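Structure in structure tokens, see below.
The values are calculated or read from the model by the stated rules, or taken from the named source; none is laboratory data. Keep in mind the model is a prediction, meaning the values are calculated, not measured. Quick reminder, even Gly has a Cβ in these numbers, built from the backbone with ideal geometry, and neighbours come from all protein chains shown. Keep in mind that these areas ignore ligands, DNA and RNA; they rest on the heavy atoms of the full protein, side chains included. Shrake-Rupley method; radii C 1.70, N 1.55, O 1.52, S 1.80 Å.
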Amino acid sequence: MALLAPATRPANPRFSSGPCAKPPTWTLDALKDAPLGRSHRAAVGKDKLKAAIEGTREVLGIPADYKIGIVPASDTGAVEMAMWSLLGERPVQMVAWESFGAGWVSDVVKQLKIDASEHVADYGEIVDMAALDYDEDVVFTWNGTTSGVRMPHGDMIPNDRAGLTICDATSAAFAQDLPWDKLDVTTFSWQKVMGGEAAHGMLILSPRAVERLESYTPAWPMPKIFRLTKGGKLIDGIFTGATINTPSMLCVEDYLFALNWAKSIGGLAALRMRADANAQAIWNFCATRDWIDNLAVEKATWSNTSVCLKFTDPRITDGAAFAKAIAKRLEAEGIALDIGAYRDAPAGLRIWCGATVETSDIEAMLPWLDWAFQTEISA
């Protein structure tokens with residue numbers, strides 16, 4: 001006998017982990033003021049880019065003496081730019097607990113061939129960050145988008161460190177507490193918590209990072225797209241809106257809308273509360289069922305944005321096939337789109353809970369997850 005499907009459906013079934021759902025009030029009219037067909041170097045373009053930088057500073061509470069730049073190639077471009085420009089002056093501690101962090105490890109060790117120690121944890125686990133040597137440079141991901149494991153806090157990073165901390169914060173920024181005094185380089189993209197478009201990255205530099213840039217020249221050739229200095233001085237224009245290459249003014253307008261929406265609902269505190277509420281709804285659901293659980297082992301490390309789940313029912317013999325079948329059923333019903341686990345991650349689901357997602361949509365989707373599981377396990 002077929003199971004009765006739930007009566008209520010999510011108003012928005014978009015739970016992709018990137019690009020993520022647009023802010024709830026977004027419409028195409030949000031882009032009507034984009035200076036299309038205009039140079040980004042014209043006054044109107046410069047003003048928009050500067051507004052994006054200063055809006056980021058305001059919402060995230062970034063210190064006034066930190067530099068903020070818009071760079072190409074999304075978060076990936078920002079991380080690579082930081083590693084190519086800053087690493088090599090001293091030994092490096094490379095840290096990873098999911099696939100993107102593992103990619104940074106590979107690039108530093110195999111491509112840049114830097115003297116680096118590797119600290120890697122399995123999916124669901126986290127590296128002991130307190131055991132690292134912060135007199136060396138440390139590269140890590142704050143929130144593992146593909147594992148759902150996040151840093152619980154930054155207290156283990158010493159204030160008197162000699163090395164730089166380089167943090168990929170792409171699925172943490174705007175939803176989690178980032179302690180700026182502990183972070184020398186921070187990167188993220190617009191397409192995650194703010195629901196922006198892809199291909200644009202943000203690079204945030206502390207005064208210590210700027211000092212390194214102006215006092216150290218890497219041994220390898222530096223592609224133009226990675227160059228942050230000229231004549232031993234920071235190219236300051238990058239951090240006031242004079243981007244290295246041509247940005248999309250349509251995407252800039254979209255990001256400005258998201259920033260203004262964030263300010264209108266109460267800023268960073270409100271964004272974090274929305275993400276927390278979304279994730280908590282899923283955690284509560286898992287707590288009352290014996291067939292599904294959080295992939296992250298320690299509760300303090302559970303991500304409130306990229307919530308990764310694993311099926312635990314002993315009747316499941318092929319975890320990957322079962323998880324794909326669940327995701328396929330929910331997509332076919334128009335209930336949840338793009339919630340399969342990342343291709344390199346353990347079999348399961350990944351449900352985005354960032355601030356642009358409505359808790360009511362999460363709550364409407366969960367009974368359907370129950371339905372899909374019971375239907376598939378019966379089949």
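K110: which lysines have alpha carbons under 28 Å from its alpha carbon, excluding same-chain residues fewer than 8 sequence positions away?
K182, K224, K230
For segment 163-256, what's the radius of gyration and Dmax over Cα atoms, in angstrom?
Using the Cα atoms of segment 163-256, the pair Rg, Dmax is 14.4, 39 Å.
Still on this model: Working with all protein chains in place, sort Y342, Y123, Y255 by solvent-accessible area computed with a 1.4 Å probe, largest first.
My answer, sorted largest first, is Y123, Y342, Y255.
Follow-up question, since we're still on this one. Gaussian network model of the chain, Cα springs within a sub-10 Å range: biggest mean-square fluctuation belongs to which of W220, W26, W261?
Of W220, W26, W261, the Gaussian network model singles out W220 as fluctuating most.
Kirkwood Rh over alpha-carbon pairs of segment 70-181, then Stokes-Einstein at 25 °C and 0.890 mPa s: what D in µm² s⁻¹, rounded to an integer?
Reported coefficient: 174 µm²/s.
I've got another one for you. Could you give the angle, 0 to 90 degrees to the nearest 10, between helix 359-378's Cα long axis and the longest principal axis of the Cα atoms of the chain?
It is inclined by approximately 50 degrees.
Once the convex hull of the C-alpha atoms of segment 22-136 is built, how many Å³ does it hold per residue, rounded to a whole number?
Dividing the Cα hull volume of segment 22-136 by its residue count gives 190 Å³.
If you look at just the Cα atoms of segment 301-356, how large are its Rg and its Dmax in Å?
For segment 301-356, the Cα radius of gyration and maximum Cα-Cα distance read 11.7, 36 Å.
Given the rule -39500 (n - 2.57) for each run of at least 4 DSSP H residues, summed and divided by the residues of the chain, what is its mean residue ellipticity at 222 nm, to the nearest 500 deg cm²/dmol?
-10500 deg cm²/dmol
Once phi is turned into θ = phi - 60°, what whole-Hz ³J(HN,Hα) does the Karplus curve with 6.51, -1.76 and 1.60 give for every residue of segment 125-132, x standing for Gly and Pro?
9, 9, 6, 6, 5, 6, 8, 7
Taking K324 as the anchor, which lysines have their alpha carbon closer than 21 Å to its alpha carbon, excluding any fewer than eight residues away along the same chain?
Cross-link targets: K310.
Now for a separate question. Helix 74-86: angle to the longest alpha-carbon principal axis of the chain, degrees 0 to 90, nearest 10?
Result, in degrees: 40.
A follow-up question, please. For segment 171-210, report the translational diffusion coefficient in µm²/s to the nearest whole number, using Stokes-Einstein at 10 °C, 1.306 mPa s, and a Kirkwood Rh over Cα pairs.
Once the numbers are plugged in, D ends up at 145 µm²/s.
Turning to a different aspect of this structure: Can you tell me how much longer the chain between K328 and M222 gets when fully stretched, taken as 0.36 nm per residue apart minus their C-alpha distance, in nm with one decimal?
Full-extension gain reported as 33.7 nm.
Another question, if that's okay. Once you order the gyration tensor axes a ≥ b ≥ c over the Cα atoms, which shape class does segment 20-61 get: rounded for a/c under 1.5, otherwise prolate or oblate by comparing a/b with b/c?
It comes out oblate by the Cα gyration axes.
Please build a GNM for the chain, connecting alpha carbons under 10 Å apart, and tell me which residue among S215, S106, S16 fluctuates the most.
Of S215, S106, S16, the most mobile in the Gaussian network model is S215.
Okay, moving on. Under 25 °C and 0.890 mPa s, how fast does segment 169-323 diffuse according to Stokes-Einstein, given a Kirkwood radius computed over C-alpha pairs? Answer in µm²/s, whole number.
It diffuses with D of about 129 µm²/s by this estimate.
Further question on the same structure: So how do E118, E358, E376 rank on accessible area, 1.4 Å probe, biggest first, that is with the largest at the start?
Solvent-accessible surface, decreasing: E118, E358, E376.
Next up: Among residues other than Q191 whose Cβ falls under 9 Å from its Cβ, what is the net charge (Lys/Arg +1, Asp/Glu -1)?
Residues near Q191 contribute -1 overall.
Going from most exposed to least, what order do E197, E136 have by accessible area with a 1.4 Å probe?
Ranked from most to least accessible, the order is E197, E136.
Per residue and in cubic angstrom, what volume does the convex hull of the Cα atoms of the chain have?
Taking only Cα atoms, the chain has a hull volume of 137 Å³ per residue.
Something else about it: How tilted is helix 319-332 with respect to the longest principal axis of the chain? Cα atoms for both, answer in degrees (0 to 90, nearest 10).
Tilt of helix 319-332: around 80 degrees.
Take the Cα gyration tensor of segment 238-379, multiply each eigenvalue by 5, square-root it, and list the three semi-axes largest first, rounded to whole angstrom.
Those come to 33, 18, 15 Å.
Going by Cα centres, segment 286-339 and segment 66-115 are how many Å apart?
If you average the Cα positions of each part, the centres end up 30 Å apart.
Among the trypsin sites (Lys or Arg not before Pro) in segment 288-320, which ones are in a DSSP loop with at most 15 other Cβ atoms within 10 Å of the Cβ? Mind listing them?
Listed in order of number, the matching sites are R289, R315.
OK, next. To the nearest 10 square angstrom, how much accessible area does K224 have with a 1.4 angstrom probe?
140 Å²
How high is the relative contact order of the chain, in percent, with contacts defined as C-alpha pairs under 8 Å that are six or more residues apart?
26 percent
Also: For segment 326-377, what does the convex hull of the Cα positions come to per residue, in cubic angstrom?
81 Å³
Tell me the relative contact order for segment 215-343 as a rounded percent, counting alpha carbon contacts under 8 Å between residues six or more apart.
Result for segment 215-343 is 11 percent.
Right, here's the next one. With +1 on each Lys and Arg Cβ and -1 on each Asp and Glu Cβ, how big is the dipole of the chain about its Cα centre, in debye rounded to the nearest 20?
Charge dipole, the chain, about its Cα centre: 1160 debye, nearest 20.
Among the aspartates and glutamates, which have Cα under 12 Å from the Cα of K299 when same-chain residues fewer than 8 positions away are ignored?
Partners within reach: E125.
Which whole-number percent is the relative contact order of segment 122-208 (Cα, under 8 Å, 6+ apart)?
24 percent
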